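Colleague: Handing you a structure now.
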Amino acid sequence: MAGENPTTTEYIQHHLTNLTYGKLPAGYERYDGTVLEADTWTMAHGSAEASAMGFNAFHVDSLAWSFGLGVIFCALFALVAKSVTSGVPGRLQNFVEIIVEFIDNNVKDMFHGRNPLVAPLALTIFVWVFLMNLMDLVPVDVVPSLMMALGVEYHKIVPSTDPNITLGMAVAVFILMLYYSIKIKGLGGFVKELTMHPFNHWLFIPVNLFMELVGLLAKPFSLGLRLFGNMYAGEMIFILIAVMYSAGLFFGLFGGFLQLGWAIFHILVITLQAFIFMVLTVVYLSMAHEDH
């Protein structure tokens, strides 16, 4: 961490700093006073070096955890699919069937086109985002302490508190929206939708285009930032409660009760955020399939 006895500010900054790998520019002075003679790919030491890397940086912890949780999701559902039985289902099969049926019913209610990709996509988004959000219930000091013992100073385990992850998923949904809008309506129909709606007159093309483009581009930003903002705020509350443990026995016990209460409430938050991300994805794709 920042030191053996970090201040509250150092403690919070440490827990909010990603394990970042990127390229530092030539001439940059590192934390230990060394000056780089050439552009260097390296692990960042602190938020200042991570900021200096700019766009040429990767959040290794967010990528690793999101990929790992995706593998766990695929492996778990593949295991159930291979061992499925028409008889009395086991607990795991019953749990998976409930989730699949829940997603399928919601897709049928919200999606008005015909596309075999939408239901599997909705299932993947819901479970994957839920698993990433679920990592927020792991005590904030457990994994960072273990990683520090292995020589890794910074480590975050909640991928959905990283805007790169949430906006990355939102951009993927946005690309699908554009693809199906052009595929279903044709390029001319898609352009006409942007330029001749809501005012169906050529004089209003600039006004229509401005309003429609703003609405179109706002979708991926709202989709990604909503998830990030809610999960980041939840993680911050857990960190602030953890700070109370160093303020004495009374505040430590009080913090323990607060953390338990917030964790129970946060179960609803992480589930709701996964559901909202899935619902908005289905709604946006349904709008892309509408041919007026």
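Colleague: Residue under question is Y245, and the condition is that it be part of a helix (DSSP H, G or I) and touching a residue at least 60 places away in the same chain (Cβ under 8 Å); does it hold?
Modeller: For Y245, the condition - part of a helix (DSSP H, G or I) and touching a residue at least 60 places away in the same chain (Cβ under 8 Å) - is not met.
Colleague: Please go through segment 1-54 and pick out each residue that is in contact with a Ser or Thr (Cβ under 6 Å, 6 or more places away or on another chain), among the hydroxyl-bearing types (S, T, Y) and part of a helix (DSSP H, G or I).
Modeller: Answer for segment 1-54, where residues must be in contact with a Ser or Thr (Cβ under 6 Å, 6 or more places away or on another chain), among the hydroxyl-bearing types (S, T, Y) and part of a helix (DSSP H, G or I): just S47.
Colleague: Are there any pairs with C-beta distances below 7 angstrom linking a residue in segment 113-142 that is within 19 Å of V279 (Cβ to Cβ) to a residue that is hydroxyl-bearing (S, T, Y) and surrounded by fewer than 22 Cβ atoms within 10 Å (Cβ to Cβ), with the two at least 6 apart or on different chains, and if so which?
Modeller: These pairs meet every condition: G113/S286; F130/T271.
Colleague: Hey, another quick one. Given the condition out of contact with any helix residue (DSSP H, G or I) (no Cβ under 6 Å at 6 or more places or on another chain) and closer than 17 Å to V140 by Cα, answer yes or no: does some residue in segment 268-275 qualify?
Modeller: No, segment 268-275 contains no residue that is out of contact with any helix residue (DSSP H, G or I) (no Cβ under 6 Å at 6 or more places or on another chain) and closer than 17 Å to V140 by Cα.
Colleague: Same structure again: Filter segment 117-137 down to residues that are surrounded by fewer than 13 Cβ atoms within 10 Å (Cβ to Cβ) and farther than 20 Å from L280 by Cβ, then give me how many there are.
Modeller: 0
Colleague: Does V214 meet the test of being under 20 Å from F126 (Cβ atoms) and of a type outside the set (K, R)?
Modeller: No, not satisfied.
Colleague: Find the residue count for segment 153-176, including only residues that are surrounded by 22 or more Cβ atoms within 10 Å (Cβ to Cβ) and touching a Gly at 6+ places or on another chain (Cβ under 6 Å).
Modeller: 2
Colleague: If you don't mind, another one. Which of the residues that make up segment 179-232 are within 23 Å of I165 (Cα to Cα) and among the hydrophobic types (A, V, I, L, M, F, W, C)?
Modeller: Once the filter is applied, which keeps residues that are within 23 Å of I165 (Cα to Cα) and among the hydrophobic types (A, V, I, L, M, F, W, C), segment 179-232 yields V214, L216, L217, A218, F221, L223, L225, L227, F228, M231.
Colleague: Quick test for you: out of F254, F199, F250, F190, pick the one residue that is in a loop (DSSP other than H, G, I, E, B) and either at pLDDT below 90 or charged (D, E, K, R) (or both).
Modeller: Residue meeting the stated conditions: F199.
The values are calculated or read from the model by the stated rules, or taken from the named source; none is laboratory data. In this text the structure is predicted, and so the values were computed from the model without any measurement. Ideal geometry is used to build each Cβ from the backbone, glycine not excepted, and the neighbour counts take in all protein chains shown.
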